[in-house]
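Only one structure is covered here, and it is reproduced in the block below.
The values are calculated or read from the model by the stated rules, or taken from the named source; none is laboratory data. Quick caveat, the model's predicted, so the values are computed rather than measured. Note: ideal-geometry Cβ built from the backbone for every residue, glycine included; neighbour counts use all protein chains shown. These area figures cover heavy atoms from the full protein model, side chains too; ligands, DNA and RNA do not enter into them. Shrake-Rupley method; radii C 1.70, N 1.55, O 1.52, S 1.80 Å.
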Amino acid sequence: MVQTGLSQDAPAPESSNAETDDYAPAPAPGASSSSYLKYLANCAAKLYKPCGKEIFSAIFFGNQRVGDYCCDSLVDDVGKVCHDDMTKYILTLPKFRSHANEIMQKSIKIWNYCVLQDYPGFETLAAQS
């Protein structure tokens, strides 16, 4: 997740500790700590590469529909916390910073859509507020 690009292109961590890699360490203010970047890379590695492209394009460019398989992977494999953290990190990049509010809304919309695809009777965050 260090580079501008697609989340699935992030390098996999060299070593993995399943107990700690799935939890976000607090990033240093104004900087990206190596443990936080490792956490984000671990999040990205949970997605099948074509799904990473599909989800990234849907959120950041609005030019892609997220299919059922990728929705399932996003909800069941990546999870809400990783999804939100990856989106927020990418929004720190100059290319996307000026559209942060619009992108966050797309991210929430896609998450809610995917939850409903994966769990049709589930109430989404948007419906709860």
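Quick rundown of the values:
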| quantity | calculated |
| --- | --- |
| Selection from region 31-47 of residues that are part of a loop (DSSP other than H, G, I, E, B) and not aliphatic (A, V, I, L, M) | 32, 33, 46 |
| Condition met for residue 50 (of a type outside the set (D, E, K, R), modelled with pLDDT under 90 and either at negative phi or part of a helix (DSSP H, G or I) (or both)) | no |
| Leading residue by the ranking (nearest to residue 110 (Cα to Cα)) among those in region 53-83 that are open to solvent by less than 20 Å² (accessible area, probe 1.4 Å) and in a loop (DSSP other than H, G, I, E, B) | 66 |
| Residues being free of Cβ contacts under 8 Å to residues at least 12 places away in the same chain and more than 14 Å from residue 113 (Cβ to Cβ) - total across region 52-78 | 3 |
